[in-house]
Amino acid sequence: MKLVARSLRGQLLIGILAPLLIGIVVNTVSLYRQTLRAADTAYDRTLLASAKSIGEHLEVEGAGDDARVRASVPYSALEAFEADNRSRMYYKVSGFRGEMVSGFEDLPTWRGRLPDKGLYAALVDFYDDEYRGQPVRVAVLLQPVASPQGRGMSTIQVAETLELRQTLARRLLVDTLWRQAALLVVLVGAVLWAVQRATRPVRSLSAELRERAESDLSPIAGADAPRELQPLLDAFNQVMARLAHLLEHQKRFVRDTAHQLRTPLAVLKTQVQSALRGDLEPAQALREIEHTVERATQLANQMLALAKVEQLRQQGDAPVADWAVIARAVALDLGALIAERALDFEIATAPAPVRAHDWALRELTRNLLHNAIRHCPEGGALAMRLVCDASTAALTIADSGPGVEPELRKRLFQPFAAGERGGSGLGLAICGEIVRTLGGTISLDDRVAAGRIAGLDATVRVPLADNHGT
């Protein structure tokens, strides 16, 4: 049953054929009962005719209180109502006071009552009983009998064994079952054909997917698919598009990582060989090796951070975090660098609840502030401001450096676009990816004062969390 439940065709067949089968069974039982009632009505009419025939042979003897019924009923009068010798008929006539007049004396006396409303224009009742060890159907007729000398009500009972009725019932049941079985076979065939035809697009789609190459993530052309499959195809194509984007991102990450790490590794190998040959003093050689390892480590960490941004984008909705708390924590972490360069640092923040992961806000703020510290002259001014309006949180980091070269501005947020500013060229690329993930914007604007560039303003705008939730 578990395998059938997982099959679309199985579910359709069960869902259609089970109610259909129940309906056919109910219809068969109902039809059989209706046919039996019709047959009983016909045979009961025969019993009534037998009782009336007997009533025609009754007369009254005597007068007054001595009046009694006399019957001259030959048994041959009932032979006309016996069918094919497959059923036997018995009768009993009782007088005005219930005395036995004629017929089979051991036939049980009727003790019932007439129905309030009968099918026939006669005082008649029908019931089932048992006589001589056999089930019988009995008709009771209250027959008025009158003569010039007296009158009264005689009781006529006619019983018939049930062989003929049972034979007819079996024949009716077999005929009904055969017809319903033939109908069921036709309906099952029609349902199987319809289900097979309706599920053909699903099988075709399954075959197409099985035959695809492992690297084929192109959309499925579902123009000819049934309308019910369109939502599934649209969702599948969206998943394929996301997988293709993710795969391309991974390929680009591996390619860029291999390309960028090749240079420091080659330099490191050269420095080690030079140190082994004794070209440099050991202390100087170790300092150069340390510097190369530090640059390679920084590059690897930034590449991993760039990959983590894509991972966060795939996770969907993020929790709500207070950007002001994170910004102050980052400023405290980089306080040693600020103090080393003797910068005039100013910070002002306001509560800024935004929907983002702590790591993303921390990495974004750290990269921007670290770049600003690195490009500020010693003793220069550096400011960090975080303000909010009705719907947006804006972080501005203003340094007092040389600004951005015009030829570099167009590709600032592309990976490895460092230009003359130095570094690996990944910091701003990471910031750009994080801002896009948060649904915000980032801009780098030269600040001009007295006709010259006085510094660079890095501004990030991010939507506030809905209703400032927590």
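The values are calculated or read from the model by the stated rules, or taken from the named source; none is laboratory data. These figures come from a predicted structure and were not determined experimentally. Positions of Cβ are backbone-derived with ideal geometry, glycine not excepted, and every protein chain shown enters the neighbour counts.
Worth a mention:
- Filtered residues of segment 116-132 (kept if touching a residue at least 60 places away in the same chain (Cβ under 8 Å) and more than 16 Å from R165 (Cα to Cα)): L119, Y120, A122, V124
- Looking across segment 427-462, the residues that are at pLDDT 85 or above and more than 21 Å from R366 (Cβ to Cβ) come down to D446, R447, V448, R452, I453, A454.
- Scope segment 157-171; condition modelled with pLDDT under 80 and either surrounded by fewer than 17 Cβ atoms within 10 Å (Cβ to Cβ) or polar (S, T, N, Q) (or both); matching residues: Q166, A169
- Within segment 273-286, considering residues that are out of contact with any Pro (no Cβ under 9 Å at 6 or more places or on another chain), surrounded by 13 or more Cβ atoms within 10 Å (Cβ to Cβ) and assigned to a helix (DSSP H, G or I), the one modelled with the lowest pLDDT: A285
- When residues of segment 367-392 are limited to those that are outside any strand (DSSP E or B) and among the hydrophobic types (A, V, I, L, M, F, W, C), the one farthest from R328 (Cα to Cα): A390
- The single condition among (1) crowded, with 16+ Cβ neighbours inside 10 Å; (2) modelled with pLDDT under 90 that D317 does not satisfy is (1).
- Taken together, the residues in segment 140-155 that are at pLDDT below 90 and either under 20 Å from A42 (Cβ atoms) or buried (at least 19 other Cβ atoms within 10 Å of the Cβ) (or both) amount to 5.
- Any hit, segment 101-118, residues being touching a Ser or Thr at 6+ places or on another chain (Cβ under 9 Å), at pLDDT 80 or above, surrounded by fewer than 17 Cβ atoms within 10 Å (Cβ to Cβ) and of a type in the set (A, V, I, L, M, F, W, C): no
- Scanning segment 393-412 for residues that are in a loop (DSSP other than H, G, I, E, B) and at pLDDT 90 or above gives D399, S400.
- Hey, R165 out of contact with any helix residue (DSSP H, G or I) (no Cβ under 8 Å at 6 or more places or on another chain) and not assigned by TED's automatic domain parsing to the domain that holds A241 or not: no
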